[in-house]
Amino acid sequence: MTRVGILYPGFSAEDDYQTFASQIDDVELPLVHTLMREDAHRVDALLDVGSEEVLSKGAEELSGMEIDSAVWACTSGSFVFGWDGARRQVQGVRDVVGVPTSSTSFAFVHALRQLRLSRVAIAATYPDDVARRFERFLTEAGVTVLSLASHGIVTAAEVGRLDPDEALDFVISNDHPGADAVLVPDTALHSADLIDPMEALLGKTVLTANQVSVWEGLRLAGRCESRPGPGNLFRSGTSTVRDAFERR
């Protein structure tokens, strides 16, 4: 049994990980909630959510759970630090848990590399200024962002309560005809049951934050085989990834 430890900020869509675990054989996803002093998709609040103080405390709890890998499952609370800051953040967690570690922001980069895709549309639930920081993060990784849509939702709690049909419509409506994939970058959004319907409707890959977080944890744990699971990503395995943590 592979155990991927999840560091998850606050409370919104943490039950999505139970759904993913039920859809993937031989995987457990023990989860630790990290402190969220203010639930706000606002840069200053996100810098606190992903601060060393907050993550080190969560990592200490996770370190006692006999895990094979760890993922900081917060996209905005990682990309808001920029590429180098997000790398330092991952290293800080790794130093505490003692196992291979990543974050959701890097998981998106690795997933695109695995699938050999580089032209994307972004359907972000965040306000526009926060979503633009994700765009900059991807651009630094060599990804071409063809379009960016922002839903403008301020809190993770609101995103977690988003009606599935509304979430589906938002993503489908914000595809770009030239994009290889649509990225949905908020771990506060329930997505496990939406990925296959979205891919079927769009006829292309859809990558969601919780999906890539789970996949990244399996990759780090050495589980390279393709597997049944929601979306094209899990069926692709992890064999072709060039790790973003290597010096460029």
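The values are calculated or read from the model by the stated rules, or taken from the named source; none is laboratory data. This is a predicted model, so every value here is computed, not measured. Note that we place each Cβ from the backbone using ideal geometry, even for glycine, and neighbour counts take in every protein chain shown. SASA here: full protein model, heavy atoms, side chains in, ligands and nucleic acids out. Shrake-Rupley method; radii C 1.70, N 1.55, O 1.52, S 1.80 Å.
Just checking, how many residues over region 1-27 are acidic (Asp, Glu) and surrounded by fewer than 16 Cβ atoms within 10 Å (Cβ to Cβ)? Show your work before the answer.
Pass one, region 1-27, residues acidic (Asp, Glu): 14-16, 25-26.
Subset that is surrounded by fewer than 16 Cβ atoms within 10 Å (Cβ to Cβ): 15, 25-26.
Matching residues across region 1-27 total 3.
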* Asked: What do you reckon, is ASP39 of a type in the set (D, E, K, R) and closer than 17 Å to PRO127 by Cβ?
  -> yes
* Checking PHE106 against (1) within 21 Å of GLY160 (Cα to Cα); (2) open to solvent by less than 50 Å² (accessible area, probe 1.4 Å); (3) not basic (Lys, Arg), which test does it fail? -> (1)
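List the strands (runs of 3 or more DSSP E) inside region 1-120, counting only whole elements, that have at least 1 residues being more than 28 Å from ARG132 (Cα to Cα) and of a type in the set (A, V, I, L, M, F, W, C).
Numbers: elements: 2-9, 31-34, 69-72, 101-103.
Correct list: 2-9, 31-34.
Just one of VAL96, VAL90, VAL120 is touching a residue at least 24 places away in the same chain (Cβ under 8 Å) and either of a type in the set (Asp, Glu) or under 21 Å from ALA45 (Cβ atoms) (or both); which is it?
Values: VAL96 fails: either of a type in the set (Asp, Glu) or under 21 Å from ALA45 (Cβ atoms) (or both); VAL120 fails: either of a type in the set (Asp, Glu) or under 21 Å from ALA45 (Cβ atoms) (or both).
So the residue among VAL96, VAL90, VAL120 that is touching a residue at least 24 places away in the same chain (Cβ under 8 Å) and either of a type in the set (Asp, Glu) or under 21 Å from ALA45 (Cβ atoms) (or both) is VAL90.
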* Asked: With region 129-248 as the region, which strands (runs of 3 or more DSSP E) entirely inside it contain at least 2 residues that are open to solvent by 30 Å² or more (accessible area, probe 1.4 Å)?
  -> 144-150
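Residue-wise test of (1) acidic (Asp, Glu); (2) crowded, with 17+ Cβ neighbours inside 10 Å.
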{"residue": "LYS57", "(1), (2)": "no, no"}
{"residue": "GLU60", "(1), (2)": "yes, no"}
{"residue": "THR101", "(1), (2)": "no, yes"}
{"residue": "LEU112", "(1), (2)": "no, yes"}
